[in-house]
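Presented below is the structure to which this report refers.
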Amino acid sequence: MRRWRELLFTLTMAAVVTLPLYGGGYLLNVSNLILIHMSLALSWALLFWSGQLSLGISGFFGLGVYTAALSFVRAGIYPLLGILLGGVMSGAFALAVGMAVLNLRGMYFAIVTLALAEAFRVIIRNVPDLSGGPEGMVLPSLIFDGDPSKTYWLTLIVACLTLVLLMVVRKSRMHIALTSIRNDEIVAQSNGVNIYRYLLWTFALSSAIQGLTGGLYAHVYGFISPEGSFSLELVLLPIIMAVVGGATTTWGPVIGAVLLGSVSEFLKIKIPNGHLLIYGVIIVIVVLFFPKGIMGTLEERFQRDW
Amino acid sequence: MELTGRARGKNYLITAVSVAGAIGLAYWKPYVLIEGVQRAGLYAAITLPMALLMGVIGIVNLAHGDFMMLGAYLAFGLSDYFGLDPLLSVLPAAVIFFLFGAIVYIGTFKRVVNAPELNQILLAFGLMIILTEGANLLWTSRFIKISLTYVSASLSIGSLTFGTFEFVYVAAALLILIGLQLFLRKTRTGQAALAVGQNERGAKLVGINVEWTHLIIFSLSIAIIGGIGSLFLTRHSISPIVGFPYTLRAFCLIAMAGIGNLTGILWVSLILGVAENLVLSFRGYAGWADLIYFILIVAVIMLKSRKRRAQ
């Protein structure tokens, strides 16, 4: 049984890595989007493990987008370095915001993160000389000169690194601390867990991943705008992916991303104006009827940790 | 939880400073003061029902502003088909939204009242998306507006000329506040709601029907915000996205006043309304006005957590 699973995993990975060799341009493009959303979903789930609901994915993502793009356009910083810079910027900013607001958690945290994207949008619109203003900006060149295979491998690497990071956290003491914070803060505190410090670093880490992904997005698609880079869809889709797959598990967001990433491509073509509505309906249904998600339900059924 | 708490008269210093500030502002930029008060009226009117909901049931209704947006569309429909004046459609809209709120509550929030807070916020977020995008699908993202003659009513005092119609928002806010206070103090359902807000288990123990109270309060909150939608339509252009910024501001105001403090909402609305108009009055910097509520939320949270740590 175990050998079969390993074989299946190896085959899947081989198929995913060699995708540019046999897949067409459209398939690669869709896969890029799925992988980018997968990284976002995984990073969101990391924070969710601690019981904090971030509605600010698009804020940190957009900060990464703008950092990477502007450092490239205004200062000529090498794209790969700019992408890293996006991650560092978002992480540092999350650290500052977290220091201010993580003492009050729950709904305060959720709403502050929700307002973050709005705040960034206001700032970007008001410094048009630096940011390109409300119309946005087109980057002079894409990363790797737009080579689809290399771009795909880069997004794959980022998604895989995020997944590995989550697996490492899962095996470490940190996971136990985060889970105990989620279950009962008072019990966690009386067992010596420094809630504030754990939440602060988890928030910074998860936001740094979102910033990194944003930087990647900027260089892969080469276009930035306040509406597109901070759009609500970027909050919604990763959250649904994580929640449908099972936000408390490691593999849940991956499964959810593949599943919903494919569905969302289909929906975008079928109902271009209303696909967000369907995401909203999915969130409500999942929260009401399957709050554990796919992997969470399976976990419970088979009594194991994924 | 003290839903009917009065403003305490202890802080004479703060009162004196703000009165002095207001007088100074009246000399320096009178329009900022007048329009700030009008804006504050709208903010307070929108925030009060959300504060009621948070105080009694303890759920953050992220779809709050979007219910107002729906109310505005309803008023637009009524005025389009029946020629009903938006000011007159406040009451029918409130009745319709009371029922709508009851349906929404039974269908969704009722199931998560005892679930972790995470699930409630996530559910509210999903609901917010459904309302916004549903409206987008039904009526497109085009801005619509109705033209009314009486909204441009103005008054001249000396060299000052200003619009008077927007004071209707101030009146609405005061009316809602007084109505809610009377409801919470004088009626049995209101007193039960206060008890539920204080301690749900205790309320259940003394025989209060908690689920029924939740249902009534949720529906009432939606009814009020639906009615405000009609008022909103009189002066503003509407589109599916107009509600969301008000949700964020309403939450900011509730955090500033403290959850459960209804009267305080009036004062903090004044602060936000006047501050936003002050920034708007500087040419070239008007775009920054939308950042004020965010700065206020963060500042308030920092102050609160410091206070908590000091205890």
FRET efficiency, 1/(1 + (r/R0)^6) with R0 30 Å, evaluated for B:L88 and B:R188 via beta carbons: 0.45
Chain A - charge dipole about Cα centre, Lys and Arg +1 at Cβ, Asp and Glu -1, debye rounded to 20: 700
Cα convex hull of the stretch B:12-310, projected area averaged across orientations, nm²: 17.8
Within straight-line cross-link reach of A:K171, lysines at Cα separation under 26 Å, skipping those fewer than 8 residues along the same chain: A:K292
Prolate/oblate/rounded label for chain A (Cα gyration tensor, a/c 1.5): oblate
Span-like helix ranges in chain A, DSSP H, alpha carbon extent 27 angstrom or more, Kyte mean at least 0.5: A:25-48, A:79-101, A:107-126, A:148-171, A:195-221
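Please arrange B:V112, A:V164 by counting, for each residue, the other beta carbons lying within 10 Å of its beta carbon, fewest first. Spell out each step's value before the answer.
Numbers: B:V112 20, A:V164 11.
Ascending number of Cβ neighbours within 10 Å: A:V164, B:V112.
Which whole number gives the average, over all residues in A:279-292, of C-beta atoms from other chains lying within 10 Å of the residue C-beta? Mind dumping the intermediate values first?
On the way: counts 4, 11, 6, 2, 9, 10, 1, 4, 14, 10, 1, 0, 7, 0.
Mean partner-chain Cβ count within 10 Å for A:279-292: 6.
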Estimated vicinal HN-Hα couplings, Hz - the stretch B:141-149 in sequence order (Karplus 6.51, -1.76, 1.60; Gly, Pro = x): 8, 5, 6, 10, 8, 10, 9, 10, 6
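Could you work out, residue by residue across B:296-302, how many beta carbons of other chains sit within 10 Å of that residue's beta carbon, and then give the average as an integer? Before the final figure, lay out each step's value.
Working: counts 0, 7, 8, 1, 3, 9, 5.
Taking the mean over all residues of the peptide, I get 5.
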Shielding by other protein chains, A:112-120, mean Cβ within 10 Å: 5
Partners for B:K307 among lysines (Cα-Cα distance below 21 Å; same-chain residues under 8 apart left out): B:K10
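Could you give me D for the stretch A:233-282, from Stokes-Einstein at 20 °C and 1.002 mPa s, where the hydrodynamic radius is the Kirkwood radius over C-alpha pairs? Units µm² s⁻¹, please. Show your work: numbers first, answer last.
On the way: Rh = 10.8 Å.
Roughly 199 µm²/s, to the nearest whole number.
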Over chain B: helical MRE at 222 nm, DSSP H runs n ≥ 4 each giving -39500 (n - 2.57), nearest 500: -23500 deg cm²/dmol
Calculated FRET efficiency for the pair B:Y27/B:L137, C-beta based, R₀ 45 Å, to 0.05: 0.35
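No value in this document is a laboratory result; all are computed from the given coordinates. Quick caveat: nothing in here was measured; it's all calculated off a predicted structure. Counting neighbours? That spans all protein chains shown, and the Cβs are built from the backbone with ideal geometry, glycine included.
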